[in-house]
Amino acid sequence: MIFVFKGLVTLGAASSMAISMLLAVLLAAVSFGGVQLHSLQHHRGIVPGKINVHLVPHSHDDVGWLKTVDQYYVGANNSIRGACVQNVIDSVISALLDDENRKFIYVEMAFFQRWWRQQSKKLQTRVKQLVKSGQLEFINGGMCMHDEATTHYIDLIDQTTLGHRYIKDEFGQTPRVGWQIDPFGHSAVQAYLLGAELGFDSLFFARIDYQDRARRKDEKTLEVVWQGSKSLLSTSQIFTGIFPRHYDPPDGFVFEINDISPPIQDDVLLFDYNVEERVNDFVAAAVSQAYVHQSLEKTKRADQTMLIRELESCKMQRELLKLPLGLNCYGHFPSSTPLRVHLATISIQPQDGRVNALYSTPSIYTDAKYAANKIWPLKRMTSSHHPNAYWTGYFTSRPAFKGYVRMMSSYYLVARQLEFFKGRNSTGPNTDALADALAIAQHHDAVSGTQRQHVAADYAKRLSNRLCRGAEELVSSSLASLAESRLITGPANPITKFSRKVLRSGVKFKYEINLEILMMCPLLNISYCPPSEAVLSDGKSLVVVIYNPLGWKREEVVRIPVSTERLIVHDSSGKEIESQLLPVVNASSNTRNFYVKDYLGKSPSGTLKYWLAFSASVPPLGYSTYIISSTKQTGASSTISMVLTSEGNQNSTIEVGQGSLKLLYSADEGKLTHYINSRSLVSSLLMLQCHDAANAYSVLQWAQFVGGQVTAFAEQSYSYYSGNDGTDKDPQASGAYVFRPNGTFPIKSEGQVPLTVLRGPILDEVHQELNPWIYQVMRIYKGKEHAEVEFTIGPIPVDDGAGKEITTQITTTLKTNKTFYTDSNGRDFIKRIRDYRADWDLQVNQPVAGNYYPINLGIYVQDDSMELSVLVDRSVGGSSLVDGQIELMLHRRLLHDDIRGVGEVLNEEVCVGGQCKAKIYCCPKLLVLETVRSIFFPAVFFFNLVSSLIILTMGTSFLSPLFIGSPFLVAWSPDHSHLAVSANMTRLREQVRAMPSLFLHIASGRCNATLMENFLGSCGHCKIQGKLYIRIDPVGEGAKWRRTFGQEIYSPLLLAFAEQDGNNWMESHLPTFSGLDPSYVLPNNTALITLEELENGKLLLRLAHLYEIGEDKDYSVMATVELKKLLHNIKITKATETSLSANQERSRMENKKLIWEVEGSSEEPKVVRGGPVDPAKLVVELAPMEIRTFLIEYDHLQIFPS
């Protein structure tokens, strides 16, 4: 059983701090009233017949949340949160060195690695001995305690591998326990992939649905064996422990900064001496918690084992000193206190002798559970804190950052591949810095979007800096090495003239075009690419190098912005290919101008006129080169798209689509009327009503025909949920974590904007503007059978005082019986049933939020004949709230904090040209302004007593109530010594420039937009652009598209640009390259997800089967990969299969793995997995959902054949 007792030091969200005085007192050799304590017996193991209480001191150091990573580590910005990780580790190490009986587990390697590098060799040697002896143990072992909802499985693997590699290299250790105590819900992928496949023997966590926890406590099933994969069955099982009351200690033993738990007074001369009382309380708490795990026998023999979470990491910096026993946030204990006695095993023997307490670790606890030789229940979980607090809003929070993390993840995958082809250079540009930044971004308060605004900016800045200061240069030089080499033995040398040229000015970037520079376009998503927009002079042409990181050939349409019309495109062989020019619409131009100015500090030069589109063919794990040049010949240029509108069109219908998939629109009504897929003989009657009777936007109605018979209907629409403000009986508001809607409303069309169609030989586009803040483009590519929907949303208006959560719905008449399927971290698809939980009888309190799930790859619904699939380009929240319907939340803007710890509203702002000096937050009775240098709500609490009365508390100071009447404004003085009341806007405007933070209260209760604009300049809410991909298939056929195209979404083609004079590029460079044998491609059900050269010269290789068992009739079968052909440019001398994180041999991991007895295990079918790899044949087998990892030793042959 798990007994949660927190102690000492914490940085975690919503966590507490308790000092270890209790445990020290329990060590005193004192006898009283039937309870006798033996402090020096040193029972270091389990005592049979007792309730064995394992006290587990552990870290909980968020790598960013209320403060940035650096601020947490060094103890900066403590007016927000007093926390200093380096002092925590100093104190812990000192305490461990003082007493060999003490133990501590450390979780977040991003912090420990930084601390380690700052220590002397002498101290490092002593710490290594602590690790070797088991006093200090690394648990989980990733760079951070990652999120489990909004993360992609490849990112989870990468960040965990980075931490495990560090632990293995420095300490020779392999973590064996998962410790996910703070993430806001738990995924099947975490259990089997980031658990069992790592070699973990157990997994512990705290957050589950409150109903599930209550049920498990009643049934005593807080500890189970979790089988996370229906494909890998028993080989995916892991022992799992759930804390019985979040990660809080028992009542009376919190010892939080402001807690009222009675201190332990152990001096017998004190009048309030209370050792007997507190020890009895502790024993009572232990016995009470034992009952929620399993029934105690009526005899004295209990044989119970439970875990007590003790020592966490500190919230308050204050006097963080190296103490004999650990760390106290207020200072140190006097040397005469019993705390200096042995903090080792505590043997408590009350009258019935039931309790034995000992310092321990989760590994020791796991071994004790395994030794019990029990048969455990098998678990074949959304998290709600209470009936109205479903933590499902963060599935979408900060969608721009979520998209950026996904983009950087795919770039990291490409960069590692090219680093391998080029040859790793530890002193030159490499992927190490980007790896660190991306790993930290997987933290459960990072990619989740639940951090404060300045922390989100810090995460994004880290990714951007690491990209620009290493990874981009590596990619450029690697492509240059490949392109300029005909036959190279060994690693290629970087070609310096191909390095990306960036002129830096502060944090801004200015691009300078040069004839011999290979350039990237990081702002291509907002239609900005200087090399492609340059006007080509006589004899000059644009070189486009297109890299494909996947193991199969790709035929895709490439779109780049250009500024001229008469262009022609040639492929790698010199053949002219078909191309198309699409006029740039005003919506794209406006977005481009606004965000380029925000990013570069100035508006883009020149006027963008067109998007140039052409179909590119790119070999697997390789690149192709395309040449774009201007021409004066008549008729020999790109086709300019035909522009049509639904207004005044003479034809009755407008046909969209040049391939198998066609959409027919009604010209007079602006409706999409037919969906036709001629290849699959599936025809659909669609009706897209831009302005229906209810003025709802983009109503798309589909009626499926197969063989001439209607089988299904559907419609698409946009709407929003009004964010609950928490002013009803339950104060819970919708915020960064929590999704609590207060009604749903269709988004009404503002004006009669006609439908615009761009039609051409490569693709067709349908442009629709709902209102000034929602714009949608639907694209149909000639060679594809899905529709691409590009949406631009924002700034979301809140002038009505209500926060909004924007959704889109695709509703069909498929008979789905409340059932839908969502992915788990982009890997397995999980069956969901609306208003249902398999493990307990669900009480539905929030029918919308309680049915939302995280979506990282896609969601689909199906009936007996058809299935509708929607794939996404980043993490979003989604559901099927009505039979046959798919709903996705795309963006959020909220005006109230959800009181889950972040202390800040989710209201992202963008400021242009340095005009905006502050952030704006509006509440019904409070206007909050924060400067860019702000520390963002530094321990400030607001209590609106009446319309003109407010109490402010900053830090530990308290200000008396002040009556504030309009039009007076109230602000903190620069030194925080007093409140300044002023009606002089000029003076106040000057004051705010120097203030760390400014708080204004407008007694009227209304936010004055004019006042804010005049006072601050121009700021706007964050606008986001993203994509959805929609396809309808006969039932059972959709998996092929979801799996294959899902990989292509995650790993888009990479574009690089140069300029050539005449034909000098094509004459001096290899126009195409593939890392695979020309006669070989990966099987269609397999992906290469890692190809990375390590510092030791070995190659890290991961292969993943993309399908689950039974998912597809053709591809849910054993796959085989020939390593010799996959890596034909090297000679493999040895291939060693390892655990998923590559920190131990697979065979060793399997041999030491604990095999748990579970209920019904004899009924399970035989598990089929890939067999051993023959060292001569080097053929790898992969069963459905299997990922196999190898460390490969090799000799270079050549980069590629001449």
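Within segment 888-906, which residues are of a type in the set (D, E, K, R) and not in a loop (DSSP other than H, G, I, E, B)?
Of everything in segment 888-906, those that are of a type in the set (D, E, K, R) and not in a loop (DSSP other than H, G, I, E, B) turn out to be Arg892, Arg893.
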Exercise. Among the residues of segment 169-206, write down those that are over 13 Å from Met145 (Cβ atoms) and polar (S, T, N, Q).
Key: Gln173, Thr174, Ser187, Ser202
Exercise. Collect the residues in segment 55-76 that are outside any loop (DSSP other than H, G, I, E, B) and out of contact with any Phe, Trp or Tyr (no Cβ under 9 Å at 6 or more places or on another chain), keeping them in residue-number order.
Key: Asp70, Gln71, Val74
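Evaluate the following for Thr125: is it among the polar types (S, T, N, Q) and part of a loop (DSSP other than H, G, I, E, B)?
Numbers: among the polar types (S, T, N, Q): yes; part of a loop (DSSP other than H, G, I, E, B): no.
Spelling it out, it is not the case that Thr125 is among the polar types (S, T, N, Q) and part of a loop (DSSP other than H, G, I, E, B).
Can you confirm whether Gly794 is touching a Cys at 6+ places or on another chain (Cβ under 9 Å) and over 21 Å from Ser880 (Cβ atoms)? Can you show your working first?
On the way: touching a Cys at 6+ places or on another chain (Cβ under 9 Å): yes; over 21 Å from Ser880 (Cβ atoms): yes.
Yes; evaluated as a whole, the condition is true for this residue.
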Practice problem: Pull up segment 113-132, narrow it to residues that are within 23 Å of Thr161 (Cα to Cα) and of a type in the set (Lys, Arg), then point me to the one that is least open to solvent (accessible area, probe 1.4 Å). | Solution: Arg114
Quiz item: Looking at segment 105-112, is at least one residue assigned to a helix (DSSP H, G or I), open to solvent by 20 Å² or more (accessible area, probe 1.4 Å) and either among the polar types (S, T, N, Q) or under 26 Å from Asp201 (Cα atoms) (or both)?
Solution: no
Quiz item: Within the set of pairs 6 or more residues apart or between chains, which connect a residue that is assigned to a loop (DSSP other than H, G, I, E, B) inside segment 1135-1151 to a residue that is modelled with pLDDT of 95 or more and among the small types (Gly, Ala, Ser) with Cβ atoms less than 6 Å apart?
Solution: Ser1139/Gly199
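If a residue counts only when it is acidic (Asp, Glu), which strands (runs of 3 or more DSSP E) contained entirely in segment 720-828 have at least 2 such residues? Spell out how you get there, then give the answer.
Numbers: elements: 741-746, 756-759, 763-771, 774-781, 787-793, 804-812, 819-824.
Answer list for segment 720-828: 763-771, 787-793.
Residue under question is Gly1005, and the condition is that it be open to solvent by less than 40 Å² (accessible area, probe 1.4 Å), modelled with pLDDT under 90 and outside any helix (DSSP H, G or I); does it hold? Break it down stepwise before answering.
Working: open to solvent by less than 40 Å² (accessible area, probe 1.4 Å): yes; modelled with pLDDT under 90: yes; outside any helix (DSSP H, G or I): yes.
Spelling it out, Gly1005 is indeed open to solvent by less than 40 Å² (accessible area, probe 1.4 Å), modelled with pLDDT under 90 and outside any helix (DSSP H, G or I).
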Quiz item: Going by the conditions given, is Gln41 modelled with pLDDT under 90, more than 32 Å from the chain's Cα centre (by Cα) and either part of a helix (DSSP H, G or I) or more than 30 Å from His444 (Cα to Cα) (or both)?
Solution: yes
Quiz prompt | Single condition Tyr247 does not satisfy, out of (1) under 30 Å from Trp391 (Cβ atoms); (2) surrounded by fewer than 22 Cβ atoms within 10 Å (Cβ to Cβ) | solution = (2)
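Each row is one residue, and each column tells you yes or no for (1) open to solvent by less than 30 Å² (accessible area, probe 1.4 Å); (2) small (Gly, Ala, Ser); (3) over 31 Å from the mean Cα position of the chain (by Cα).
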position	(1), (2), (3)
Cys521	yes, no, no
Ser532	yes, yes, yes
Val543	yes, no, yes
Val557	no, no, no
Glu565	no, no, yes
His570	no, no, yes
Lys575	no, no, yes
Asn586	no, no, yes
Ser603	no, yes, yes
Quiz prompt | In segment 73-92, the residues that are open to solvent by less than 10 Å² (accessible area, probe 1.4 Å) and in contact with a Lys or Arg (Cβ under 8 Å, 6 or more places away or on another chain) | solution = Tyr73, Gly82, Ala83, Ser91
Quiz prompt | Inter-residue pairs, beta-carbon under 6 Å, first modelled with pLDDT of 95 or more and in segment 1152-1179, second among the polar types (S, T, N, Q) and not in a loop (DSSP other than H, G, I, E, B), 6+ apart | solution = Val1179/Thr1120
Quiz prompt | Long-range neighbours under 8 Å by Cβ, at least six apart or interchain, first residue in the same structural domain as Lys782 (by the TED database) within segment 656-681, second at pLDDT 75 or above and of a type in the set (Phe, Trp, Tyr) | solution = Gly659/Tyr781
Self-check item: Filter result for the condition that a residue is within 17 Å of the chain's Cα centre (by Cα) and not in a strand (DSSP E or B), over Phe200, Phe184
Solution: Phe184
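Quick grid of which residues meet (1) among the hydroxyl-bearing types (Ser, Thr, Tyr); (2) under 26 Å from Gly1036 (Cβ atoms):
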| site | (1), (2) |
| --- | --- |
| Tyr1115 | yes, yes |
| Thr1138 | yes, no |
| Ser1141 | yes, no |
| Pro1165 | no, yes |
Quiz item: Which residue pairs have Cβ atoms under 9 Å apart, sit 6 or more places apart or on different chains, and have a first residue in segment 863-887 that is at pLDDT below 90 and in a strand (DSSP E or B) and a second that is open to solvent by 20 Å² or more (accessible area, probe 1.4 Å) and among the polar types (S, T, N, Q)?
Solution: Met866/Thr711
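For segment 203-239, give me the residue count where each residue is part of a loop (DSSP other than H, G, I, E, B) and of a type in the set (Ser, Thr, Tyr). If you could, list the steps in order and put the result at the bottom.
Residues of segment 203-239 that are part of a loop (DSSP other than H, G, I, E, B), as a first pass: 206-209, 220-222, 228-232.
If we keep only those that are of a type in the set (Ser, Thr, Tyr) as well, we get 221, 229, 231.
Total meeting the criteria: 3.
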Quiz item: What residue, of Ser397, Ser363, is of a type in the set (S, T, N, Q), within 26 Å of Thr221 (Cα to Cα) and modelled with pLDDT of 95 or more?
Solution: Ser363
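I'd like to check something: does segment 1102-1110 contain any residue that is among the basic types (Lys, Arg) and open to solvent by less than 70 Å² (accessible area, probe 1.4 Å)? Lay out the reasoning, then the answer.
Initially, segment 1102-1110 is screened for residues among the basic types (Lys, Arg), giving 1102.
With the extra rule that they be open to solvent by less than 70 Å² (accessible area, probe 1.4 Å), the set shrinks to 1102.
Scanning segment 1102-1110, I find at least one residue that is among the basic types (Lys, Arg) and open to solvent by less than 70 Å² (accessible area, probe 1.4 Å), so the answer is yes.
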Quiz prompt | Qualifying residues in segment 1066-1086 (those that are open to solvent by 20 Å² or more (accessible area, probe 1.4 Å) and in contact with a strand residue (DSSP E or B) (Cβ under 8 Å, 6 or more places away or on another chain)) - the one farthest from Ala480 (Cα to Cα) | solution = Pro1083
Exercise. Taking Glu148 as meeting all but one of (1) open to solvent by 10 Å² or more (accessible area, probe 1.4 Å); (2) part of a loop (DSSP other than H, G, I, E, B); (3) charged (D, E, K, R); (4) closer than 24 Å to Thr1189 by Cα, write down the number of the exception.
Key: (1)
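For every residue, the table says whether it meets (1) of a type in the set (A, V, I, L, M); (2) surrounded by fewer than 18 Cβ atoms within 10 Å (Cβ to Cβ); (3) within 18 Å of Leu193 (Cα to Cα).
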| site | (1), (2), (3) |
| --- | --- |
| Asp1114 | no, yes, no |
| Thr1120 | no, yes, no |
| Leu1127 | yes, no, no |
| Ala1142 | yes, no, yes |
| Glu1145 | no, yes, yes |
| Lys1153 | no, yes, yes |
| Trp1156 | no, no, yes |
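The values are calculated or read from the model by the stated rules, or taken from the named source; none is laboratory data. Just so we're clear, the structure is a prediction, and the values are computed from it rather than from any experiment. Positions of Cβ are backbone-derived with ideal geometry, glycine not excepted, and every protein chain shown enters the neighbour counts. All accessible areas refer to the heavy atoms of the entire protein, side chains included, with ligands and DNA or RNA removed. Shrake-Rupley method; radii C 1.70, N 1.55, O 1.52, S 1.80 Å.
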